[in-house]
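Peer 1: Have a look at this one.
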Amino acid sequence: MIEAKSITKFFSVVNEKGLAEGLTAVLNVSLTIPDGKIVSLLGPSGCGKSTFLEILAGLQAPTDGEIVIDGARVLEPLPSTRKEMDAYKRRYRFISPLANGVFHDRPKHDIAMIFQDYAVFPWMTAIQNVIFALKLRNAGADQDKKLSRKALHEKARYFLNQVELGGAAYKYPSQLSGGMRQRLALARALSVEPKIILMDEPFAAVDALTREKLQDDLLLLWEKTRKDPLIIVMVTHDVSEAVYLSDEVIVFSPGPGTIRNRIPVDIKRPRARTNPEIIDIQDRIFAMFQYDINQESDYSI
């Protein structure tokens with residue numbers, strides 16, 4: 001389970017006059033996501049969705065608040081005063097290079113992240129990309145759980161087959177279509193068998209038909225994790241994508257990002273994109289955006 005508790009992210013930026021001023025990207029966001037759920041973060045550009053996703057991943061520290069996954073904190077807020085800095089130094093004064101070496105490459109949380117720009121290594125073949133991720137996880141495993149070279153190769157091949165890339169295992173990313181590269185990114189994420197996958201506009205760079213195919217592929221793969229429930233949190237600008245995929249849609253307000261609405265999607269899967277219930281939820285969300293822009297709506301929100 002993911003628990004976001006009163007997350008705020010403040011940036012110091014320089015304006016056109018060269019003066020420092022503040023920018024609040026995310027403001028007091030609290031959210032709980034149970035195991036086995038797909039949740040979409042939806043909202044206008046600049047509303048803090050991607051910043052919040054990176055805080056969930058531990059790629060950024062919140063200015064205030066905390067993220068807790070299965071009872072363990074992801075990152076602590078950065079010290080903002082001298083008093084907090086002194087307390088921070090006292091707390092971690094025993095951390096040394098030796099201690100860091102002991103915990104080298106041991107992930108605190110089982111999280112995988114998929115970015116919009118595929119984020120695969122162009123100089124590696126598809127199977128080498130997956131093996132690379134497996135080797136990173138293997139390096140931090142206990143000695144009795146480490147995989148042999150043959151086992152790493154077999155596992156990489158298995159996950160490529162899962163995303164229908166078995167026949168392209170020895171092709172380079174430049175030889176793959178956009179949809180195939182994104183399936184490769186998905187195979188690499190799934191190969192380390194995470195409990196959480198965070199996705200930042202994962203299908204934005206492909207055409208509409210490929211996008212729908214990738215959405216269906218994602219749902220099929222997610223369904224296979226029912227025995228060990230997988231959480232998926234996805235940032236998207238596509239309302240139909242959010243509603244079709246998700247158990248809940250979190251609508252962010254224009255910046256600073258706060259939660260404007262939480263919309264459950266209690267529609268049985270498999271879903272039809274033309275399902276009137278899905279279309280009705282989409283219309284409600286579009287009405288919210290219209291109201292934010294024009295302060296008026298034709299739909300009762």
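Peer 1: Return the only residue of Thr125, Thr210, Thr225 being hydroxyl-bearing (Ser, Thr, Tyr) and touching a Ser or Thr at 6+ places or on another chain (Cβ under 9 Å). Spell out the reasoning first.
Peer 2: On the way: Thr125 fails: touching a Ser or Thr at 6+ places or on another chain (Cβ under 9 Å); Thr225 fails: touching a Ser or Thr at 6+ places or on another chain (Cβ under 9 Å).
Only one candidate qualifies: Thr210.
Peer 1: Got a sec? Which of Val206, Val233, Val251 is on the phi < 0 side of the Ramachandran plot and within 14 Å of the chain's Cα centre (by Cα)?
Peer 2: Only one candidate passes the filter, namely Val233.
Peer 1: Where residues in the range 157-209 are part of a helix (DSSP H, G or I) and among the basic types (Lys, Arg), which of them is farthest from Val39 (Cα to Cα)? Even if it seems obvious, please write down each step before you answer.
Peer 2: Of the residues in the range 157-209, the ones part of a helix (DSSP H, G or I) are 157-162, 166-168, 173-175, 178-191, 208-209.
Among the residues that remain, those that are also among the basic types (Lys, Arg) are: 157, 181, 183, 188.
Values: Arg157: 29, Arg181: 23, Arg183: 20, Arg188: 21 Å.
Among residues in the range 157-209 that are part of a helix (DSSP H, G or I) and among the basic types (Lys, Arg), the one farthest from Val39 (Cα to Cα) is Arg157.
Peer 1: Determine, yes or no, whether Asp217 is on the phi < 0 side of the Ramachandran plot and free of Cβ contacts under 8 Å to residues at least 60 places away in the same chain. Break it down stepwise before answering.
Peer 2: Working: on the phi < 0 side of the Ramachandran plot: yes; free of Cβ contacts under 8 Å to residues at least 60 places away in the same chain: yes.
Spelling it out, Asp217 is indeed on the phi < 0 side of the Ramachandran plot and free of Cβ contacts under 8 Å to residues at least 60 places away in the same chain.
Peer 1: Counting just the residues of the range 6-26 that are crowded, with 19+ Cβ neighbours inside 10 Å and touching a residue at least 60 places away in the same chain (Cβ under 8 Å), which one comes out nearest to Ala61 (Cα to Cα)? Quick ask: steps written out before the conclusion?
Peer 2: Step one: list which residues in the range 6-26 are crowded, with 19+ Cβ neighbours inside 10 Å, which gives 7-9, 25-26.
Adding the requirement that they be touching a residue at least 60 places away in the same chain (Cβ under 8 Å) leaves 7, 25-26.
Details: Ile7: 10, Ala25: 13, Val26: 12 Å.
If we take residues in the range 6-26 being crowded, with 19+ Cβ neighbours inside 10 Å and touching a residue at least 60 places away in the same chain (Cβ under 8 Å), then Ile7 is nearest to Ala61 (Cα to Cα).
Peer 1: Cβ-Cβ distance below 8 Å, separation of 6 or more or different chains: which pairs start in the range 185-213 with a residue that is within 23 Å of Glu154 (Cα to Cα) and end on one that is in a helix (DSSP H, G or I) and β-branched (Val, Ile, Thr)?
Peer 2: So the pair list comes out as Ala187/Val130; Arg188/Val130; Ser191/Val130.
Peer 1: I'm trying to understand the selection: among the residues of the range 1-50, which are among the β-branched types (Val, Ile, Thr) and in contact with a Phe, Trp or Tyr (Cβ under 9 Å, 6 or more places away or on another chain)? Give the steps one after another, and end with the answer.
Peer 2: Initial filter on the range 1-50 (among the β-branched types (Val, Ile, Thr)): 2, 7-8, 13-14, 24, 26, 29, 32-33, 38-39.
Of everything in the range 1-50, those that are among the β-branched types (Val, Ile, Thr) and in contact with a Phe, Trp or Tyr (Cβ under 9 Å, 6 or more places away or on another chain) turn out to be Ile7, Thr24, Val26, Val29, Ile38.
Peer 1: Among the residues of the range 269-301 satisfying the criterion of being small (Gly, Ala, Ser) and modelled with pLDDT under 90, which is farthest from Ser50 (Cα to Cα)?
Peer 2: Our first condition is that a residue be small (Gly, Ala, Ser); within the range 269-301, this holds for 272, 287, 297, 300.
Next, only the ones that are modelled with pLDDT under 90 stay: 287, 297, 300.
Details: Ala287: 23, Ser297: 27, Ser300: 29 Å.
So the residue we want is Ser300.
Peer 1: If you scan the range 7-39, which residues turn out to be within 16 Å of Gly71 (Cα to Cα) and either of a type outside the set (A, V, I, L, M, F, W, C) or at pLDDT below 80 (or both)? Let's see the steps before the verdict.
Peer 2: Step one: of the range 7-39, the residues within 16 Å of Gly71 (Cα to Cα) are 30-35.
Hits for the range 7-39 are Ser30, Thr32, Pro34, Asp35.
Peer 1: Can you tell me how many residues in the range 238-268 are part of a loop (DSSP other than H, G, I, E, B) and either buried (at least 18 other Cβ atoms within 10 Å of the Cβ) or at pLDDT 90 or above (or both)? Please lay out each step first, then the result.
Peer 2: First pass over the range 238-268, keeping only residues part of a loop (DSSP other than H, G, I, E, B): 238, 246-247, 253-256, 258, 265-268.
The next check asks that each one be either buried (at least 18 other Cβ atoms within 10 Å of the Cβ) or at pLDDT 90 or above (or both); those that pass are 238, 246-247, 255-256, 258, 265-268.
Total meeting the criteria: 10.
Peer 1: Identify, from the list Ala205, Ala187, the residue that is of a type outside the set (Lys, Arg) and buried (at least 20 other Cβ atoms within 10 Å of the Cβ).
Peer 2: On the way: Ala205 fails: buried (at least 20 other Cβ atoms within 10 Å of the Cβ).
Only one candidate passes the filter, namely Ala187.
Peer 1: Which of the residues belonging to the range 200-228 are of a type outside the set (Ser, Thr, Tyr) and farther than 21 Å from Ile111 by Cα?
Peer 2: Ala204, Ala205, Val206, Asp207, Ala208, Leu209, Arg211, Glu212, Lys213, Asp216
Peer 1: From the set of residues in the range 106-156 that are farther than 21 Å from Arg181 by Cβ, among the hydrophobic types (A, V, I, L, M, F, W, C) and not in a strand (DSSP E or B), which is modelled with the lowest pLDDT?
Peer 2: Only one residue fits best here, namely Ala141.
Peer 1: Name the single residue, out of those in the range 136-184 being among the polar types (S, T, N, Q), touching a residue at least 12 places away in the same chain (Cβ under 8 Å) and under 27 Å from Glu212 (Cβ atoms), that is surrounded by the fewest Cβ atoms within 10 Å (Cβ to Cβ). Give the derivation first.
Peer 2: Keep residues of the range 136-184 that are among the polar types (S, T, N, Q), which gives 138, 143, 148, 161-162, 174-175, 177, 182.
Those left that are additionally touching a residue at least 12 places away in the same chain (Cβ under 8 Å): 138, 162, 174, 177, 182.
If we keep only those that are under 27 Å from Glu212 (Cβ atoms) as well, we get 162, 174, 177, 182.
On the way: Gln162: 18, Ser174: 8, Ser177: 12, Gln182: 30.
Applying the filter and picking the extreme gives Ser174.
Peer 1: If you don't mind, another one. Which of the residues belonging to the range 57-94 are modelled with pLDDT of 80 or more and either over 27 Å from Ala112 (Cβ atoms) or assigned to a loop (DSSP other than H, G, I, E, B) (or both)? Full working, then the answer.
Peer 2: Initially, the range 57-94 is screened for residues modelled with pLDDT of 80 or more, giving 57-74.
Matches in the range 57-94: Gly58, Leu59, Gln60, Ala61, Pro62, Thr63, Asp70, Gly71, Val74.
Peer 1: Another question about this same structure. Which of (1) in contact with a helix residue (DSSP H, G or I) (Cβ under 9 Å, 6 or more places away or on another chain); (2) buried (at least 16 other Cβ atoms within 10 Å of the Cβ) does Ile231 not meet, given it meets every other one?
Peer 2: Going through (1) in contact with a helix residue (DSSP H, G or I) (Cβ under 9 Å, 6 or more places away or on another chain); (2) buried (at least 16 other Cβ atoms within 10 Å of the Cβ) one by one, Ile231 breaks only (1).
The values are calculated or read from the model by the stated rules, or taken from the named source; none is laboratory data. Please read all numbers here as calculations on a predicted model, not as lab measurements. Note that each Cβ is placed from the backbone with ideal geometry, even for glycine, and that neighbours are counted across all protein chains shown.
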